[in-house]
Structures are given as structure tokens and as C-alpha cells.
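Peer 1: Provided herewith is a single structure, encoded as C-alpha cells, for subsequent inquiry.
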Amino acid sequence: MAGGGEAPLLEGKPRVYFDGCPGCANDRRKAENLGIPYGQFFHIWIIILVSCASYMLGRALTSTAWGMIADRIGRKPVIILSIISTLLFNTLFGLSVNYWMAIATRFLLGSLNGLLGPIRAYAVEVCRTEHQAIGLTLVSTSWAIGLIIGPAIGGYLAQETLHKHKLHKTEDQGIEDFAEQQNSSTTNKSLLKNWPLMSSIILFCVTSFDDMAYTEIFSLWAESDKKYGGLGFSSEDVGQVLAVTGASILLYQTFVYPRIVKVLGPVNASRIAAILSMVLLFTYPPMTHLSKPWLSVVVNIASMLKNNLVVTVVTCSFILQNNSVPQEQRATANGLATTLMSFFKAFAPAGAGIVFSWAQKRQHAFLFPGDQMVFFLLDIVIFVELIWTFKPFLAIPEQIPRS
């Protein structure tokens, strides 16, 4: 063993560490530091801010490929290249001299930005099992903030966590045990045949579709005239609601969500969030009968609840995804999830806009008139989410030992 030394216990198991192996160095750090790795989480939070300018189509076409590359050569090179691409093509976009140059730079920005898959895998790998929810929570938190303020600053402080060393049968029993653990991983297993992974990705995609459709409909509904079932808000009013909601997401994911998922687990938390979301949406159409200032208060509360419930399901699906594959496949798995999610989100705004326009023409219908039909259809999407959290649809993965 090349400078291995004694191995501390990691989650109750003796480990052997190899000098020069980034994965072993990371595992040793986790074993020796039992607290929450705020430093690494802060780096992840900053990096995610940069990725929010990704162009959806380019990201959809290349996310899986970037995840596979990250699993092959490591997280660090992909993160470096993605940050450089983000800075370069954001600058070129700002210097665009015509429309097509702007479109081309946005597409290249999305195509060459492979951050999301590797960074989610990294968020799981830098912390112990009991801290996974916090890591993924901060990823989602920084994403939400980035959607509001845009890409601000990126930094490179990450360390790849793939193990890079050779094991020999002539070493002591500890190395043999370690080798058995490494060889037992399902590295060559097709992700598409991994139903625990694919079922959690489907849950993620359906929830993302619901989130994007709701976001599109909420703004249209809030700014519509009250005679059409809307709230009669101004653009400034809607902006204030979204700002308050964004701040609530930060607080919720930082202080509340980790405690909820610790008590309920990701599956039960998703089920409860889906049920509450369905009930909440039924309260939206009657809000148009309220007058200010109660209308503003109720809408802000409803918006905060709805968005935080969506965040609950999304983050829980991240936990299920990352526990469905071994470490060396996590970036590819997250890249695949991002690819499929991007396609769902690409169609959601157009579909939501069409449904909203159709609903405006049926204000006096007998069944679900006007905007009631819009929120009823959103409830159907959430009902699909709820059904999917039960067997045989959602396959709950067993905790995969971290290599």
C-alpha cells in the first residue's frame, strides 16, 4: 500500500486509503471531520449560480454526454471547462452584433455547460450519508437564487472524488476487503435498465414540468383582469410575490427541509408534499374574490407554500437518484436526469400558455369554468406525481455503499 497508514472508521466500516488518490483523500476527510462540510457546500453553491444562464436546448442535447465524461475523467475537468465556457459565451452573448449571433452563443453556452450532473454527484460525495439532504438542498437553493439574479460569479475549489489507484491481491486483508467493495459496484450496468434510477428521474421530470407550467400560468393568471378570473396584479406586484417566494425557498431549504426529510424520508416527504400541493391549488380560483390588502397576503403565502412543496419533491428525487447508482455513475445519472428534465421544461411553457388561453374562452362553462380548469389540470399533473411515489412505479433504492 503506497503510504496508506491506518484507516479510520467511515460510517462503521474500516477503510484503507492510498496516497495520491483524490477519492481516498476525500473519504479520509469525511471520516476525520464529522461535521457538515460548509466550505465544500459553499463552493457548490457558488458554482451553481453560474450554470443558471444555460440555454435549455443546448443543455438538453449534451447533459448526458457531459455526465459520462465526468464519470470517465473526473468531476474537476468538466467543472473547469464548463466554468470557462460560461464566462466565454456569456461575454460573447453580451457582445452580440445581431440576433443570430445571440442565439448561437446561448446555444453554445448550454451545449458546453456540463455543471449540473457532476455538481449534484459531487454534492453527495463530499459529505457523509446523514448530510446528503443538506448538500442537495444547497444545490437547489443556489439554483433558485441564480434564476433570479443570473450568473454572478464562479470559482474553482472543487476536488474530483473518483478513486484512482490499483489494488493488488498481495496486500493485507484490509485491501482485499476494499477491493471486493470496489469490484461489487455496478459500473457497467446500463443506466436505462436501472429502474430505481429511471423511476426517480421520471418523478423529477414530471415535477419539473408541473413547476414550469405553474410558473408560466401563475404570472399570466396574476396579471389577468378580475373579470377573466385573474387577480388584476401589476408586473411590479408579481415581481414582489416572486421575490418573497425566492427568499422563502432559501430559508426553507436551509433550515426546514433537512429536518423534514430526516424524519419522513424522501419518499414520504414527496407524497405529503404532492398531497398538500393538490389541496393548495384548489384554493387559487377563489382568491380572485378577495380584496387588498388580504389578497396580497394570501397570494404571497400560497406562492411560498406551492414553490417550497415543489422544491421538496425535486430535492427528494435528487436523493433517490444519487442513491440508485454507485459513485462512478452519479455524474452520468445526473446528466441523464438533466437532459430529460430539460425536454419536459422546454414543452411546459408552451403547453401552459395554450391551456391558459383556452380557459379564458370558457369563463361561463358549466364544469370548471375559466381558470378553475387551469388549476384542475395542474392538479392532475400533481396527482400523477403522487401516484408515481408508490410501488410498482417508484422503485426505492437501497443505500449504495460509498466507495
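The values are calculated or read from the model by the stated rules, or taken from the named source; none is laboratory data. Note that the coordinates shown come from a computational prediction; the quantities given were computed from them, not determined experimentally. Every residue, glycine among them, receives a Cβ derived from its backbone with ideal geometry; neighbour counts consider all protein chains shown. Side chains are part of the model used for accessible areas, which takes the heavy atoms of the whole protein and leaves out ligands, DNA and RNA. Shrake-Rupley method; radii C 1.70, N 1.55, O 1.52, S 1.80 Å.
Peer 1: Which condition from (1) modelled with pLDDT of 75 or more; (2) in a helix (DSSP H, G or I); (3) of a type in the set (A, V, I, L, M, F, W, C) is the one that LEU34 breaks?
Peer 2: Failing condition for LEU34: (2).
Peer 1: Ok, one more. In segment 370-396, which residues are outside any helix (DSSP H, G or I) and either among the acidic types (Asp, Glu) or open to solvent by 70 Å² or more (accessible area, probe 1.4 Å) (or both)? Can you show your working first?
Peer 2: If we filter segment 370-396 for residues that are outside any helix (DSSP H, G or I), which is where we start, we get 370, 389-396.
Selection gives PHE390, LYS391, PRO392, PHE393, ILE396.
Peer 1: SER270 - would you say it is touching a residue at least 24 places away in the same chain (Cβ under 8 Å) and farther than 21 Å from VAL374 by Cβ? Explain how you work it out, then say what you get.
Peer 2: Working: touching a residue at least 24 places away in the same chain (Cβ under 8 Å): yes; farther than 21 Å from VAL374 by Cβ: yes.
Here the answer is yes, as SER270 does meet what is asked.
Peer 1: Within segment 371-391, how many residues turn out to be among the acidic types (Asp, Glu) and within 21 Å of the chain's Cα centre (by Cα)? So that I can check it myself, show each step before the final result.
Peer 2: Start the filter on segment 371-391 by keeping residues that are among the acidic types (Asp, Glu), which leaves 371, 379, 385.
If we keep only those that are within 21 Å of the chain's Cα centre (by Cα) as well, we get 385.
Here the count works out to 1.
Peer 1: Follow-up question, since we're still on this one. Regarding segment 84-98, can at least one residue be identified that is within 28 Å of PRO326 (Cα to Cα) and open to solvent by 50 Å² or more (accessible area, probe 1.4 Å)? Even if it seems obvious, please write down each step before you answer.
Peer 2: If we filter segment 84-98 for residues that are within 28 Å of PRO326 (Cα to Cα), which is where we start, we get none.
No: segment 84-98 contains no residue that is within 28 Å of PRO326 (Cα to Cα) and open to solvent by 50 Å² or more (accessible area, probe 1.4 Å).
Peer 1: Now a separate question. Of the conditions (1) among the β-branched types (Val, Ile, Thr); (2) buried (at least 21 other Cβ atoms within 10 Å of the Cβ); (3) without any contact (Cβ under 8 Å) to a residue 12 or more places away in the chain, THR312 satisfies every one except a single condition; which number is it?
Peer 2: So the condition that THR312 fails would be (3).
Peer 1: Filter segment 283-335 down to the residues that are of a type in the set (Gly, Ala, Ser) and outside any helix (DSSP H, G or I), then identify the one that is modelled with the lowest pLDDT.
Peer 2: Going through segment 283-335, the residues of a type in the set (Gly, Ala, Ser) turn out to be 291, 296, 302-303, 317, 324, 331, 333, 335.
Within this subset, residues satisfying the condition of being outside any helix (DSSP H, G or I) are 291, 324.
Details: SER291: 87, SER324: 90.
Among those residues, the one meeting the criterion is SER291.
Peer 1: State which residue is most open to solvent (accessible area, probe 1.4 Å) when the search covers only segment 342-368 and only residues that are in a loop (DSSP other than H, G, I, E, B) and free of Cβ contacts under 8 Å to residues at least 12 places away in the same chain.
Peer 2: Our first condition is that a residue be in a loop (DSSP other than H, G, I, E, B); within segment 342-368, this holds for 361-368.
Narrowing further to those that are free of Cβ contacts under 8 Å to residues at least 12 places away in the same chain: 361-362, 364-368.
On the way: LYS361: 174, ARG362: 46, HIS364: 181, ALA365: 29, PHE366: 200, LEU367: 106, PHE368: 58 Å².
Selected residue: PHE366.
Peer 1: Still on this structure: Which of the helices (runs of 4 or more DSSP H) found entirely inside segment 168-281 contain at least 2 residues meeting this: modelled with pLDDT under 85 and either within 26 Å of SER342 (Cβ to Cβ) or open to solvent by 20 Å² or more (accessible area, probe 1.4 Å) (or both)?
Peer 2: Working: elements: 173-183, 195-223, 235-251, 257-281.
Answer list for segment 168-281: 173-183, 195-223, 235-251.
Peer 1: Being within 24 Å of LEU242 (Cα to Cα) and more than 13 Å from the chain's Cα centre (by Cα): is that true of PHE366 here? Working first, answer last.
Peer 2: Details: within 24 Å of LEU242 (Cα to Cα): no; more than 13 Å from the chain's Cα centre (by Cα): yes.
In short, no.
Peer 1: Output the number of residues of segment 64-109 satisfying the condition of being more than 21 Å from the chain's Cα centre (by Cα) and closer than 17 Å to GLU125 by Cα.
Peer 2: 3
Peer 1: Across segment 46-94, what is the number of residues that are outside any helix (DSSP H, G or I) and at pLDDT 70 or above?
Peer 2: Within segment 46-94, the subset outside any helix (DSSP H, G or I) is 52-55, 74.
From what is left, the residues that are at pLDDT 70 or above are 53, 74.
Qualifying residue count for the region: 2.
Peer 1: If ILE380 satisfies all but one of (1) touching a residue at least 24 places away in the same chain (Cβ under 8 Å); (2) closer than 29 Å to ILE260 by Cβ, what's the number of the condition it fails?
Peer 2: Here ILE380 meets the rest and fails (1).
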